[in-house]
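The values are calculated or read from the model by the stated rules, or taken from the named source; none is laboratory data. Owing to the predicted nature of the structure, the values given are computational and were not obtained by experimental measurement. Note that we place each Cβ from the backbone using ideal geometry, even for glycine, and neighbour counts take in every protein chain shown. Heavy atoms of the whole protein, side chains included, go into the accessibility calculation; ligands, DNA and RNA do not. Shrake-Rupley method; radii C 1.70, N 1.55, O 1.52, S 1.80 Å.
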Amino acid sequence: MPKRTLIRGGEVVTPTDRFRADVLIEGERITALGDGAQWDADTIVDAAGCLVMPGGVDTHTHLEHMSANGLTRTADDFHSGTVSAAFGGTTTIVDFVRARPDQGMYDAFQRRLESAEAQCVVDFGFHPIVPPTAGDATFDELARLAREGATSWKFFMSYPGTMVDDRVLIQGFRRCAEEGVLPMVHAENGTLVADATQRLLSDNQTAEHQHHAAHSHVAEREAVHRAVTIAESVGSPLFVVHVSSRLAAEEIARHQARDFAVFGETCPQYLLTSYEDYAGLGFEAAAYVCSPPIRERANQEDLWHALQTGVISTLGTDHAAFTLSQPDDLPPQKPQGRGYFPKIPNGVPGVEDRLMVIWEAGVVGGRFDVHRFVDLVATRPAKLFGLYPRKGTLTPGSDADVLVWDPAADHTITAAGHHTRADYNLYEGMRVSGRPRHVLSRGDIVVSDGELHAPAGRGRYLARATSDTSR
Ligand code: MN
Ligand code: MN
């Protein structure tokens with residue numbers, strides 16, 4: 001007999017519905033929703049006063065991520081990163097695989113898989129990163145990976161050593177269209193970014209906060225426009241990660257208005273922090289350095305608007321944790337770029353905070369309702385990345401990834417209280433009124449009342465289906 005778990009007394013919330021129901025779990029799957037007064041269970045989870053939602057799906061994390069030059073690595077490994085995710089109510093992550101220059105894509109994928117399988121506490125998938133040298137042989141390997149469930153590929157339009165040219169975008173997006181793969185782009189014109197960087201350095205403008213000046217809005221807009229144009233030319237859909245600029249959002253909106261299948265993601269750091277927060281800082285400005293950069297405060301409302309109108313479809317985190325101090329057991333972290341912004345490892349933490357801060361600013365703040373919240377953080381990313389209805393919903397047959405959410409919590413976000421290895425938190429001191437009380441992954445209670453109950457390696461690889469790009 002499979003283990004039976006009953007989540008009792010909560011209110012189930014999906015993108016379309018909200019109703020009182022108990023949730024019955026047998027083994028790893030949800031088997032019934034309804035009045036559970038007569039249902040037997042080995043374990044009862046008390047959801048009184050709580051909302052019961054699908055576990056969060058974060059399709060943009062960088063755990064155990066080496067920099068392109070191999071000189072540094074994120075502070076979080078697959079264990080600390082997925083523990084942090086679980087504490088924040090996220091039960092699925094999709095991370096990345098990049099091959100070293102001397103390594104095939106398939107081999108790189110296998111090694112990443114082994115490391116993740118040994119450490120993750122929640123389920124995970126991978127997006128392979130298309131290398132700048134990709135040709136037919138690489139795309140054949142990528143197609144093999146797509147058949148093994150890596151059904152989205154990432155193209156970088158910026159970063160020396162990683163950025164691909166238009167030839168790779170054209171050939172790659174065409175191959176995506178043929179293989180049923182969703183192409184994702186980091187959309188910044190890397191040549192413009194490199195030029196702006198050189199001009200700042202020539203002018204001795206090397207301070208940490210100058211990272212912002214090196215990454216213009218128009219460099220992002222141009223890349224979005226070019227990626228959409230190429231996708232349209234070859235007949236592929238397109239997913240634009242971390243939309244940070246209102247100009248980029250406008251570009252996406254224009255093509256959506258023509259019914260073209262282009263989707264955008266943004267991240268909490270672009271909605272809730274701004275250049276004004278770090279413009280006056282010294283080295284601590286490095287805490288905010290990510291690409292695209294965290295932009296001016298005036299840009300934030302336009303991004304919120306793009307979320308409210310559906311121009312932006314999902315909220316990921318781009319979680320890439322680095323520390324401001326330099327621990328002995330980690331390769332160079334943020335201090336590597338002290339006084340010289342091009343050497344600051346790019347990335348900010350956030351996988352644990354995503355649901356809490358967006359609940360607070362989005363739902364409590366009156367920008368959208370709880371249904372839109374569930375869609376943004378769980379259902380829509382599951383659909384776009386081939387995980388639905390296994391993930392991202394609460395229906396019989398779905399994996400029992402369930403978030404019991406306390407909407408009357410009183411919690412203050414702090415670095416002292418989070419579980420990533422980052423030694424700072426961008427939302428330090430923010431009070432939030434919604435917080436996970438219990439988090440279940442495939443029927444296991446992984447976090448309950450602030451305690452972890454998940455052994456390393458319980459998370460499983462998710463072979464993903466083809467993207468569902470219907471709206
Ligand atoms: Mn990126
Ligand atoms: Mn990223």
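Express the accessible area of the chain per residue in Å², computed with a 1.4 Å probe while the remaining protein chains stay in the model.
On the way: 16960 Å² over 471 residues.
Value returned for the chain: 36 Å² of accessible area per residue.
Excluding residues fewer than 8 places away in the same chain, name every one of the lysines whose C-alpha is closer than 26 Å to that of residue 383.
Within the straight-line limit of under 26 Å, residue 383 reaches these lysines: 154, 391.
How large, in percent, is the carbon and sulfur part of the accessible surface of the chain at a probe radius of 1.4 Å?
The C+S portion of the solvent-accessible surface of the chain is 49 percent.
Rounded to the nearest 20 debye, what is the charge dipole size of the chain about its Cα centre when +1 sits on each Lys and Arg Cβ and -1 on each Asp and Glu Cβ?
So the magnitude is around 580 debye.
How big is D for region 73-364, in µm² s⁻¹ as a whole number, if Stokes-Einstein is applied with the Kirkwood radius of its Cα pairs at 10 °C and 1.306 mPa s?
Translational D for this selection: 81 µm²/s.
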